[in-house]
1. Along its three principal axes, how long is region 137-252 when you only count alpha carbons? Whole Å, largest extent first please.
2. Can you put His34, His103, His5, His139 in order, fewest other beta carbons within 10 Å first?
3. Between Asn136 and Leu65, what length comes free when the chain is fully extended (0.36 nm per residue of separation minus the Cα-Cα distance, one decimal in nm)?
4. Set Lys and Arg Cβ to +1 and Asp and Glu Cβ to -1, take the dipole of region 42-84 about its Cα centre, and tell me which of Thr69, Gly84, Leu53 lies farthest positive.
5. Mind putting a number on the dipole of the chain about its Cα centre? Charges go on the C-beta only, +1 for Lys and Arg and -1 for Asp and Glu, and I need it in Debye to the nearest 20.
6. Would you please give the residues with an amide H less than 5 Å from that of Asp248, counting only those at least 5 places away or on a separate chain, with H modeled from the backbone geometry?
7. Note the per residue figure in Å³ for the convex hull of the C-alpha positions in region 73-215.
8. If we sort 21-29, 188-196 on the protection proxy, mean other Cβ atoms within 10 Å, highest first, what's the order?
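Only the coordinates and a few stated rules stand behind these numbers; no lab work does. Small disclaimer: the values here were computed from a predicted structure and weren't measured. Cβ: placed from backbone, ideal geometry, glycine included. Neighbour counts: every protein chain shown.
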Amino acid sequence: MRVFHKISEWQTARAAPDFAGRKIGFVPTMGALHAGHRALLERARAENDIVVLSIFVNPTQFNDLGDLTRYPRTPEADLGLAEGLVDCVLSPNAGELYADDYHYRVTENELSLRWEGEHRPGHFDGVLTIVLKLLNLVHAQRAYFGEKDWQQLQLVRGMARALFLPTEIVACPTERAADGLALSSRNARLSPAGRVQAALFPKILRESATADAAVPLLQAAGFGVDYVVDDENIRLGAVQLEGIRLIDNARL
Ligand code: AMP
């Protein structure tokens, strides 16, 4: 497994003959890797010749500075999880990725303004911009994204279509803990009691009769509710618990 911190070194390696004619599967992440990320890497491993993982805590998608500084960072454990599954780890620094000072960015003007976008202004501009930069650096045949971040997945797919990107966007199902909570790097910040309580979020999201009916049930269970909405056959929700934001969705 080769680890690249400098973009120029990655670009030199990417242009070398050992990449020629081989299928590349790419998994972009913000690190603090867990079994949800591992499922994406395993899928990429099974479907491609070369697996590239990126680890970059992308500052432009954090609308809340505290959330950015508190975001968990576990670089050594991440390399341990990746070992044996991943060929190349791309972990560039923000100065190099944003040499333009974020003067150039991707903006979507419709879906990105709803739900997550309404509660996290600018979030999806940051997401789409970093995903485009990374897709352009990696030149993968396929890139893997989790359905846990449903709205992000739709927006990345939309961007790939709108901008004629050559990379296929592959959706992967949400990995959950035994009690139903979607695995997330932020779960590590919950207290033991909060972690138990958090499992009520997917349960209520899934079991309530309507999106509106879920709101008072979630509030009674101790969550602050940002939104619960039904979008065709998917119910999307975001809640706050112990100052930590959890998002999830359920198929109706
Ligand atoms: P993140 O590091 O949280 O930005 O996530 C990197 C990728 O992993 C995104 O495509 C996420 O949707 C995906 N992901 C995160 N958590 C899960 C999960 N529990 N199950 C499946 N995919 C996930």
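1. Ordered largest first, region 137-252 gives principal extents of 46, 30, 23 Å.
2. Ascending Cβ contact count within 10 Å gives the list His103, His5, His139, His34.
3. 22.8 nm
4. Thr69
5. In debye, rounded to 20, the chain gives about 380.
6. Result for Asp248 returns Gly237.
7. In region 73-215, the Cα convex hull volume per residue is 163 Å³.
8. 21-29, 188-196
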